[in-house]
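Below: one structure, written as structure tokens.
The values are calculated or read from the model by the stated rules, or taken from the named source; none is laboratory data. Nothing here was measured: the structure is a model prediction, and the numbers come from that model. Note that each Cβ is placed from the backbone with ideal geometry, even for glycine, and that neighbours are counted across all protein chains shown.
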Amino acid sequence: MAKGTLIWPYNNAWDDVILFFETSEEIPEPKYIEYWLRNYGSQGILNRVKGIVFGKPYDNKYYKEYKSVIQKVLNELNLNELPILYNMNFGHTLPMFVVPYGAMAEINCNDKSFSILESGVI
């Protein structure tokens with residue numbers, strides 16, 4: 001809803017960040033994940049970010065389907081080298097951890113880990 005409005009971030013806001021996605025208890029069908037990713041791709045956002053972290057699907061519904069759609073879209077966009085972590089415990093899931101906005105973080109593909117490198121509180 002915010003895309004294309006004055007509250008949508010400027011293009012440079014996506015530079016060198018880790019983008020995180022999570023689904024809600026509404027459990028959107030996989031086609032919506034595909035639409036969202038293609039939208040971010042067509043805006044050039046996925047070419048600007050340093051990685052993506054996907055939250056665990058609510059109640060693990062569509063686990064395989066979401067994963068398949070993510071791989072499909074990233075392959076179509078030639079973003080096979082973009083670091084991706086999938087099925088992380090944040091957002092609308094249990095157990096849950098909080099991802100602090102703006103904190104320095106790191107995706108380590110070798111360890112399959114996500115680390116927050118600084119305090120999320122000032």
Original post:
Can you find even one residue in the range 38-48 that is assigned to a loop (DSSP other than H, G, I, E, B) and charged (D, E, K, R)?
Top reply: yes
Original post:
Among the residues of the range 4-37 satisfying the criterion of being farther than 14 Å from TYR66 by Cβ and in contact with a helix residue (DSSP H, G or I) (Cβ under 7 Å, 6 or more places away or on another chain), which is modelled with the highest pLDDT?
Top reply: TRP14
Original post:
Only one residue in GLY102, GLY51 is surrounded by fewer than 14 Cβ atoms within 10 Å (Cβ to Cβ) and either in contact with a strand residue (DSSP E or B) (Cβ under 8 Å, 6 or more places away or on another chain) or within 26 Å of PRO9 (Cα to Cα) (or both). Which one?
Top reply: GLY102
Subject >> In the range 48-65, the residues that are in contact with a helix residue (DSSP H, G or I) (Cβ under 8 Å, 6 or more places away or on another chain) and more than 21 Å from THR93 (Cβ to Cβ) >> reply: ARG48, VAL49
Original post:
Of all residues in the range 54-74, which are outside any helix (DSSP H, G or I) and either closer than 17 Å to GLY41 by Cα or without any contact (Cβ under 8 Å) to a residue 24 or more places away in the chain (or both)?
Top reply: PHE54
Original post:
Of all residues in the range 1-24, how many are among the β-branched types (Val, Ile, Thr), part of a loop (DSSP other than H, G, I, E, B) and surrounded by 10 or more Cβ atoms within 10 Å (Cβ to Cβ)?
Top reply: 2
**OP:** Identify all residues within the range 38-47 that are hydroxyl-bearing (Ser, Thr, Tyr) and out of contact with any helix residue (DSSP H, G or I) (no Cβ under 7 Å at 6 or more places or on another chain); write none if there are none.
**Re:** SER42
